[in-house]
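What follows is a set of notes on a single structure, which appears directly below.
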Amino acid sequence: MKYESLIFDIDGTLWDSRALVAEGYNLELKREGLGHLCVTAEELRPLFGKVMTEIADILFASIPQPDRYALMERCMDTENSYLHQNPCDIGYPGVRRTLEQLSKTHRLFIVSNSQRGYPELCMDKLGLRPYIQAHLCFGDTGTTKGQTILRLMREQSITSCAYIGDTQGDLEATREAGIPFIWAAFGFGNPESWDEKVDSFEELLKL
């Protein structure tokens, strides 16, 4: 057992929700008469992993602050509702089976830059509740992902862990937290370095 615990990112690591998130955002934007701001899954690809305020600054730059952040909150609320109603068959192959096996030898956690409620939604849709012991997200802490990781480590008395994510932001978060980074190379990003790498989720079992 190389690490006592494993901490997982969500988007680009556990599932690919880009298309559904875009559809959820666009429902709200069209409802508010802002169809010209509608987004595509590909436009969201480089934004996943950023905190919600950063995403709003990019997508809704034409809208003054703090109105753009209020709009982002409404888009996220509609997105959550849309995802709740959708089967969300968007998990990467082998996620549930792999976490079930890993949970026998490791404590498993989630840290995401998402809004509050998103980790729970992912766990419910993919059937991961039995395997994830705790989770934190930007909506809970309002801090950087690195600080959110450190808070989870303190609260859960984690002594040895690695973070599994897919983006440069995930790499930077692990450096801030002082823990190893396992790159999910099947995800969205291309970080400049990593400690270990997997080309499929199931490869984690080999580590």
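The values are calculated or read from the model by the stated rules, or taken from the named source; none is laboratory data. This one's a predicted model, so the numbers in the text were calculated from it and none came from an experiment. With ideal geometry, Cβ positions are generated from the backbone for all residues, glycine too; neighbour counts draw on all protein chains shown. Remember, those area values only see protein heavy atoms, side chains included, never the ligands or the DNA or RNA. Shrake-Rupley method; radii C 1.70, N 1.55, O 1.52, S 1.80 Å.
Worth pointing out:
- Some residue of the stretch 95-103 being among the hydrophobic types (A, V, I, L, M, F, W, C), within 22 Å of GLU54 (Cα to Cα) and not in a strand (DSSP E or B): no
- Within the stretch 6-29, the residues that satisfy the criterion of being of a type in the set (S, T, N, Q) and either surrounded by fewer than 20 Cβ atoms within 10 Å (Cβ to Cβ) or in contact with an Asp or Glu (Cβ under 8 Å, 6 or more places away or on another chain) (or both) are THR13, SER17.
- For the criterion of being under 22 Å from LEU20 (Cβ atoms), open to solvent by 70 Å² or more (accessible area, probe 1.4 Å), in contact (Cβ under 8 Å) with a residue 24 or more places away in the chain and under 13 Å from the mean Cα position of the chain (by Cα), ARG116 passes.
- Residues of the stretch 1-55 satisfying the condition of being touching a Phe, Trp or Tyr at 6+ places or on another chain (Cβ under 8 Å), closer than 19 Å to GLU73 by Cα and of a type in the set (Gly, Ala, Ser): GLY24, GLY49
- Test: residue in the stretch 42-49 that is open to solvent by 30 Å² or more (accessible area, probe 1.4 Å) and farther than 21 Å from GLU172 by Cα: yes
- Among the residues making up the stretch 133-182, those that are among the acidic types (Asp, Glu), touching a strand residue (DSSP E or B) at 6+ places or on another chain (Cβ under 8 Å) and either open to solvent by less than 10 Å² (accessible area, probe 1.4 Å) or more than 21 Å from GLY117 (Cβ to Cβ) (or both) are ASP166, ASP170.
- Helices (runs of 4 or more DSSP H) fully within the stretch 21-92 counting 2 or more residues that are touching a residue at least 40 places away in the same chain (Cβ under 8 Å) and of a type outside the set (Asp, Glu): 67-85
- Count of residues meeting criterion [of a type in the set (S, T, N, Q) and touching a strand residue (DSSP E or B) at 6+ places or on another chain (Cβ under 8 Å)] in the stretch 53-93: 0
- Residues satisfying the stated conditions in the stretch 81-113, i.e. hydrophobic (A, V, I, L, M, F, W, C) and open to solvent by 30 Å² or more (accessible area, probe 1.4 Å): ILE90
- In the condition set (1) within 25 Å of ALA173 (Cα to Cα); (2) at pLDDT below 95; (3) not acidic (Asp, Glu), TYR92 is compliant with all but (2).
- Criterion: among the hydrophobic types (A, V, I, L, M, F, W, C) and within 17 Å of the chain's Cα centre (by Cα) - qualifying residue of ILE110, ILE58: ILE110
- Taken together, the residues in the stretch 183-207 that are in contact (Cβ under 8 Å) with a residue 60 or more places away in the chain, among the aliphatic types (A, V, I, L, M), open to solvent by less than 50 Å² (accessible area, probe 1.4 Å) and not in a helix (DSSP H, G or I) amount to 1.
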